[in-house]
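We did not get these values from a lab; they are worked out from the coordinates using the rules stated. In this text the structure is predicted, and so the values were computed from the model without any measurement. We place every Cβ from the backbone using ideal geometry, glycine too, and count neighbours over all the protein chains shown.
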Amino acid sequence: MKILQPPSWMEPRGYSNAIMTEMTAGSRLIFVGGQVGWNAQQQFETDDFAEQVGQTLRNIVDILREGGAGPEHITRMTWYVCDKKEYAAALREVGHHYREIIGRHFPAMTAIEVSDLIEDRARVEIEVTAVVPA
């Protein structure tokens, strides 16, 4: 197993951003822990839901790149949102960010409304699993 950490990012405390493991046939699995809409220095630049989604997706792509993967390798996404009405109201902008960053790749997805997230300013947190072929 290998920890994936973009070099310009602040080190997380008590967890890893992602773990990559090689399978026997040479393919790789990447498990990206929940990412939020902050920058590489763990600072939120906005409280806007759609903008946080955009930053979160860019963070995921940066982590995948560390493992030699891209958005096309994502097989599963789980979205945790604090307010499903806020999510629904921002769907048009969220879709714009998604297509701009992930493209027209649509993995299996789940969205769950939660009462809160660990980071106080976070409006969304996204987990990803990716499969990179040999």
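Things worth noting here:
- With coordinates expressed along the principal axes, the C-alpha atoms belonging to the chain extend over 44, 32, 24 Å, beginning with the largest.
- Once the chain from residue 47 to residue 2 is taken as fully extended at 0.36 nm per residue, the excess over their C-alpha distance is 12.9 nm.
- Theoretical ellipticity at 222 nm over the chain - DSSP helices of four or more residues, -39500 (n - 2.57) apiece, nearest 500: -8000 deg cm²/dmol
- Sorted on the mean count of surrounding Cβ atoms within 10 Å across their residues, most packed first, peptides 68-76, 12-20, 119-127 read 119-127, 68-76, 12-20.
- Degrees between helix 49-66 axis and first principal axis of the chain (Cα, 0 to 90, nearest 10): 10 degrees
- Over the stretch 33-125, relative contact order from alpha-carbon pairs under 8 Å, at least 6 apart, %: 41 percent
- Label-to-label distance, residue 85 versus residue 10, with points set 7 angstrom from Cα along the beta-carbon direction: 3.2 nm.
- Degrees, to the nearest 10: 91-101 long Cα axis against longest axis of the chain: 30 degrees
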